[in-house]
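Written below as structure tokens is the structure these notes are about.
The values are calculated or read from the model by the stated rules, or taken from the named source; none is laboratory data. Owing to the predicted nature of the structure, the values given are computational and were not obtained by experimental measurement. Positions of Cβ are generated from backbone atoms using ideal geometry, with glycine treated the same way; all protein chains shown enter the neighbour counts.
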Amino acid sequence: MTKKSKSSLDNFKNRINKTLDGGRKAAQKKRHEKGFRTARENLNHLADANSFIEYGQLAVAAQRSRREYEDLMTETAADGIITGMCKINSEIVGAHNANALAIINDYSVLAGTQGFFHHKKLDRICELAADSKLPVVMYTEGGGGRPADTDVSIQIAGLNITSFSNWAALTGDSLKIALNNGYCFAGNAALFGSADICIATKKSWIGMAGPAMIEGGGLGIFKPEEIGPAEMHYKNGHLDYLADDEEDGTNIVKKLLSYFQGNAMSWEEHDQSKMANIIPEDRRMGFPVREIIETLADKNSFLELKKIFGRSVITGFLRLEGKPYALIANDCQQLGGAVDSEASDKVANFIEICNHHNLPIISLVDTPGFMVGPDSETEGAFRRMGNFFKRGAKVDSKFVAIILRRGYGLGAMAMTGGSFLDPIYTASWPNGEFGGMGLEGYVKLGFKKELEAEETEEKKQALYDKLLAKMYEVGRATEAASYLEMDAVIDPIDTREVIIKAFENFGA
């Protein structure tokens, strides 16, 4: 090796080091003092060891005309965004299923703002995602557009930038998971909100404008922490998961991604005999449906999304014998399992994402129907519940429905994709009960004249009880199955086995 070539190699290594944490000690220290990780620390946690191939590592901010190049190499390393391809979850799904793309916005570079070369790098990785259909994980911390890239003389407002449309256009082809920690304003918030699944840490603030833009618009002076706190977004249903910190958030990202990558190479089953006694004999009593879900699923495989929003329906992912499935389930301990407007929005969005990526869906049904009444209608129930039907009607993913107890009205139909005939298999537990509406209301409405004709309240109550008992008998699971309104009645203990067989025999 000649002296000249050795010098070139040394210069190259020195140049690369300026982009790494080892060459940016001050920036690393500042992050750690805030209790945060560096962008590359997050990347190292996300990507499998030695699997990352980086794009555009040597980029710097387009500010050579106003700053020393030597300074730009360190202070604006990679122009504030790390992009590349990698493997994620090889140990779970196998290396052949683990391919993914990663985008890490780096807040230590000019507050994570988006500059000229930053956008070019983002566009490049979005083009690769569009071609490959690989999933993409983005860390979105940052302050939006950057006005200080003085080298750029070929644009005025920069409204011809294609990064936002390129990212959004991946919807339905490449799964997009976004994780935010810290401040996420303006353009960064737009990217975050365009993801399929949005996760934020408890120390996140997400808004379509930061303090400077709000003040500039004459809307007042606010601290960053007053704008879009994560807890608020989670409560309102705009976050899928609220993580403790970057480490927890990255673990959740990896687990979420794994469901869309394929089968787990190992799994462990719960004792299914517990299923026999979870639902109480008294039909009026609630029960913890999550206990059914956890028992049904492979051990430690269930992950719930939007837990405190639209609480009458649970959404999440699980595995059966290592195979990934999406799950929706009524929670009778919330609104009695009635599907309200928030739950309708939540499930409609969830099944649309699962359908885009061909993830089979399991529905556990126990509902008195859609939530009704004047208060419900003020929430635009007819549109939001109608949207639930629209999304269900477009589901091409294989669907299996199990009625745990109550299957009433339009709400039960929506939970099965629009009709009990839409799933590839619809079965009920023996204590299932069915009707076009809640049977109590059905008796009061359908036999109104007969009830009003009774002379005393005692006789009216006796007739009501008699008619109600008759309707329960007529609407029980075995009777509904005998009229072929569903495919089968099954032993609760066999639920896991039946679901697995149904999907396997249908090629799912």
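It is to be established whether one or more residues within the range 252-264 are over 21 Å from K87 (Cβ atoms) and at pLDDT 95 or above.
no
Kindly indicate whether A130 is surrounded by fewer than 22 Cβ atoms within 10 Å (Cβ to Cβ), free of Cβ contacts under 8 Å to residues at least 60 places away in the same chain and within 16 Å of W205 (Cα to Cα).
Against the criterion (surrounded by fewer than 22 Cβ atoms within 10 Å (Cβ to Cβ), free of Cβ contacts under 8 Å to residues at least 60 places away in the same chain and within 16 Å of W205 (Cα to Cα)), A130 does not qualify.
Would you please name the residue that is nearest to A178 (Cα to Cα), looking only at residues in the range 92-110 that are surrounded by fewer than 22 Cβ atoms within 10 Å (Cβ to Cβ) and without any contact (Cβ under 8 Å) to a residue 60 or more places away in the chain?
Per the criteria, the residue is N99.
Out of the residues in the range 63-84 that are surrounded by 22 or more Cβ atoms within 10 Å (Cβ to Cβ) and in contact with a Ser or Thr (Cβ under 9 Å, 6 or more places away or on another chain), state the one that is nearest to G182 (Cα to Cα).
G80
Is it the case that the range 280-295 has a residue that's closer than 24 Å to E497 by Cα, in contact with a Phe, Trp or Tyr (Cβ under 9 Å, 6 or more places away or on another chain) and either in contact (Cβ under 8 Å) with a residue 60 or more places away in the chain or in a loop (DSSP other than H, G, I, E, B) (or both)?
Yes, because at least one residue in the range 280-295 is closer than 24 Å to E497 by Cα, in contact with a Phe, Trp or Tyr (Cβ under 9 Å, 6 or more places away or on another chain) and either in contact (Cβ under 8 Å) with a residue 60 or more places away in the chain or in a loop (DSSP other than H, G, I, E, B) (or both).
With the requirement that a residue be part of a helix (DSSP H, G or I), out of contact with any Phe, Trp or Tyr (no Cβ under 7 Å at 6 or more places or on another chain) and either crowded, with 22+ Cβ neighbours inside 10 Å or not hydrophobic (A, V, I, L, M, F, W, C) (or both), what does the range 199-224 give you?
E215, G216
With crowded, with 16+ Cβ neighbours inside 10 Å and either modelled with pLDDT under 95 or outside the structural domain of H356 (by TED's automatic domain parsing) (or both) as the only criterion, which of L484, L445, L421, L468 stands out?
When all the criteria are applied, what remains is L468.
Quick check on K254: is it touching a residue at least 24 places away in the same chain (Cβ under 8 Å), out of contact with any strand residue (DSSP E or B) (no Cβ under 8 Å at 6 or more places or on another chain) and under 23 Å from D345 (Cα atoms)?
no
So in the range 14-51, with the set limited to residues that are assigned to a helix (DSSP H, G or I) and in contact with a strand residue (DSSP E or B) (Cβ under 9 Å, 6 or more places away or on another chain), which one is farthest from Y183 (Cα to Cα)?
The qualifying residue farthest from Y183 (Cα to Cα) is L46.
Would you confirm, using the coordinates I've provided, whether I156 is among the β-branched types (V, I, T), in the same structural domain as S204 (by TED's automatic domain parsing), modelled with pLDDT under 90 and within 25 Å of L175 (Cβ to Cβ)?
Judged against the criteria, I156 is not a match.
Quick one: what pairs do we get from the range 469-497, first residue among the polar types (S, T, N, Q), second in a strand (DSSP E or B) and surrounded by 18 or more Cβ atoms within 10 Å (Cβ to Cβ), C-beta under 8 Å, 6+ apart or different chains?
These pairs meet every condition: T478/V489; T495/I402.
Only helices (runs of 4 or more DSSP H) wholly contained in the range 337-396 count here; list those with 3 or more residues that are on the phi < 0 side of the Ramachandran plot and either touching a Pro at 6+ places or on another chain (Cβ under 9 Å) or β-branched (V, I, T) (or both).
341-356
For A148, only one of the following conditions fails: (1) in a loop (DSSP other than H, G, I, E, B); (2) without any contact (Cβ under 8 Å) to a residue 12 or more places away in the chain. What is its number?
The one condition A148 does not meet is (2).
Kindly indicate which of D248, D240 is more than 25 Å from H356 (Cα to Cα) and either under 18 Å from the mean Cα position of the chain (by Cα) or not assigned by TED's automatic domain parsing to the domain that holds R405 (or both).
Matching residue, one of D248, D240: D248.
Go through (1) of a type in the set (A, V, I, L, M); (2) in contact (Cβ under 8 Å) with a residue 60 or more places away in the chain; (3) in a helix (DSSP H, G or I) one by one and return the number of the condition A168 breaks.
The one condition A168 does not meet is (2).
Has the range 385-407 got at least one residue that is acidic (D, E) and without any contact (Cβ under 8 Å) to a residue 12 or more places away in the chain?
no
Yes/no per residue for (1) in contact with a Pro (Cβ under 7 Å, 6 or more places away or on another chain); (2) touching a residue at least 60 places away in the same chain (Cβ under 8 Å); (3) under 30 Å from G475 (Cβ atoms):
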position	(1), (2), (3)
G210	yes, yes, no
L219	no, no, no
F222	yes, no, no
G237	no, yes, no
S258	no, yes, no
W267	no, no, no
A276	yes, yes, yes
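Does any residue in the range 410-422 that is farther than 12 Å from G435 by Cα come within less than 8 Å, Cβ to Cβ, of a residue that is acidic (D, E) and surrounded by fewer than 22 Cβ atoms within 10 Å (Cβ to Cβ) six or more places away or on a different chain, and which pairs are these?
T416/D422; F420/E485
Do we have K501 as among the basic types (K, R) and under 30 Å from L359 (Cβ atoms) here?
yes
Take the conditions buried (at least 24 other Cβ atoms within 10 Å of the Cβ), at pLDDT 95 or above and within 18 Å of F317 (Cα to Cα) and apply them to I402. Does it pass?
yes
One line per residue, one yes/no per condition, for (1) within 19 Å of F420 (Cβ to Cβ); (2) out of contact with any helix residue (DSSP H, G or I) (no Cβ under 6 Å at 6 or more places or on another chain):
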residue: G310; (1), (2): no, no
residue: L318; (1), (2): no, yes
residue: D345; (1), (2): no, no
residue: H356; (1), (2): no, yes
residue: L359; (1), (2): no, yes
residue: P368; (1), (2): yes, no
residue: P374; (1), (2): no, yes
residue: F388; (1), (2): yes, no
